[in-house]
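Working notes, beginning with the structure itself.
The values are calculated or read from the model by the stated rules, or taken from the named source; none is laboratory data. Fair warning: this is a prediction, and the values are worked out from it, not measured in the lab. Here the Cβ is made from the backbone with ideal geometry for all residues, glycine too, and neighbour counts use every protein chain on show.
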């Protein structure tokens, strides 16, 4: 049963440029412009009309955009829940400008060992994450640690939790790694390791969408009976101001927006692509978290029920449920 036909999330790529070179990501390899403030303003108005509730300003490294604080402020003032993930390298310098504009602020950290984390990220950023935590706390912000889990760093979960998350009263977000295109993440987690994640996800100050774990147990999305609803739940906007379908990672077509996002999203050509969500050959076995999370939220199935407890708990911890109240119709 589908709960809503409206999109709930926008993944807004402000640039593909990045000051890190993560081994499990190819975005930083792309040449890229920066989105313009004028396009963001128009697109946010259309996103509001379409029913979108969450805007994730992403990249690349989103803090490379010199007007990111203005974009976040604009979206926040319009009532969107705003999210941003950063490697922390630029956050200490920009923190005061960003204060109060990000509902879900995530610092990427994959190990409590400085050398191990920096090696995976291709740049020395561990110390910046530690500084970012201190600066954010001093400003009264409530950041999260986003831990991308591979087999090779699974052993680091406990130390990050005990040494960094708990002492700083943060939330640990467990983000199981996923493959896409030619980007490889190493051996897949075993059943025993997935069970370990499930148990870890029950700890205090930990968020793990159990739907991600279940999907991996089931072998990912299946084109014969797709769980993925990427194109109908999520709008992907590129730095070139194009609508990318069906999703960024497997996107097969881009449409210039030209100030008419609402009309474009409702057009027949886009509607036809939406109907192919989860059914394209490249969709078989897909476990891309950033599209599965909204997919789990809009259709009542086993993934919905697996995801619900942790999602409710996280939104309660972060207080973001309060920002959704004005849009709830009884």
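For segment 188-195, the criterion of being surrounded by 14 or more Cβ atoms within 10 Å (Cβ to Cβ), in contact (Cβ under 8 Å) with a residue 40 or more places away in the chain and out of contact with any helix residue (DSSP H, G or I) (no Cβ under 8 Å at 6 or more places or on another chain) is met by no residue.
Comparison of 77, 103, 56 shows that the only residue that is at pLDDT 95 or above and surrounded by fewer than 16 Cβ atoms within 10 Å (Cβ to Cβ) is 77. Summed over segment 1-47, the residues that are at pLDDT 90 or above, outside any loop (DSSP other than H, G, I, E, B) and buried (at least 17 other Cβ atoms within 10 Å of the Cβ) give a count of 12. Within segment 60-75, the residues that satisfy the criterion of being part of a loop (DSSP other than H, G, I, E, B) and within 27 Å of residue 263 (Cβ to Cβ) are 65, 67. Residues that are in a helix (DSSP H, G or I) and touching a strand residue (DSSP E or B) at 6+ places or on another chain (Cβ under 8 Å) were ranked within segment 296-315; the one that is surrounded by the fewest Cβ atoms within 10 Å (Cβ to Cβ) is 313.
For residue 226, the conditions (1) crowded, with 19+ Cβ neighbours inside 10 Å; (2) at negative phi all hold with the exception of (1).
Which residue out of 258, 203 is touching a helix residue (DSSP H, G or I) at 6+ places or on another chain (Cβ under 9 Å) and over 22 Å from residue 52 (Cβ atoms)?
Unique residue meeting the criteria: 203.
This table checks each residue for (1) modelled with pLDDT of 95 or more; (2) in contact with a strand residue (DSSP E or B) (Cβ under 6 Å, 6 or more places away or on another chain); (3) closer than 30 Å to residue 100 by Cβ; (4) surrounded by fewer than 16 Cβ atoms within 10 Å (Cβ to Cβ).
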site: 132; (1), (2), (3), (4): yes, yes, yes, no
site: 140; (1), (2), (3), (4): yes, no, yes, yes
site: 143; (1), (2), (3), (4): yes, yes, yes, no
site: 152; (1), (2), (3), (4): no, no, no, yes
site: 172; (1), (2), (3), (4): yes, yes, yes, no
site: 176; (1), (2), (3), (4): no, yes, no, no
site: 179; (1), (2), (3), (4): no, no, no, no
site: 206; (1), (2), (3), (4): yes, yes, yes, no
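Can you pull out the residues in segment 228-248 that are in contact with a helix residue (DSSP H, G or I) (Cβ under 6 Å, 6 or more places away or on another chain) and in a loop (DSSP other than H, G, I, E, B)? Within segment 228-248, 228, 229, 241, 246, 247 qualify. Restricting the search to helices (runs of 4 or more DSSP H) fully inside segment 89-187 and requiring at least 3 residues that are free of Cβ contacts under 8 Å to residues at least 40 places away in the same chain gives 91-98, 114-121, 126-138.
For segment 251-263, check the following and say yes or no: at least one residue is within 30 Å of residue 147 (Cβ to Cβ), modelled with pLDDT under 95 and within 17 Å of the chain's Cα centre (by Cα).
yes
Between 217, 275, the distinction of being within 23 Å of residue 2 (Cβ to Cβ), in contact with a helix residue (DSSP H, G or I) (Cβ under 9 Å, 6 or more places away or on another chain), without any contact (Cβ under 8 Å) to a residue 40 or more places away in the chain and exposed (fewer than 15 other Cβ atoms within 10 Å of the Cβ) belongs to 275 only.
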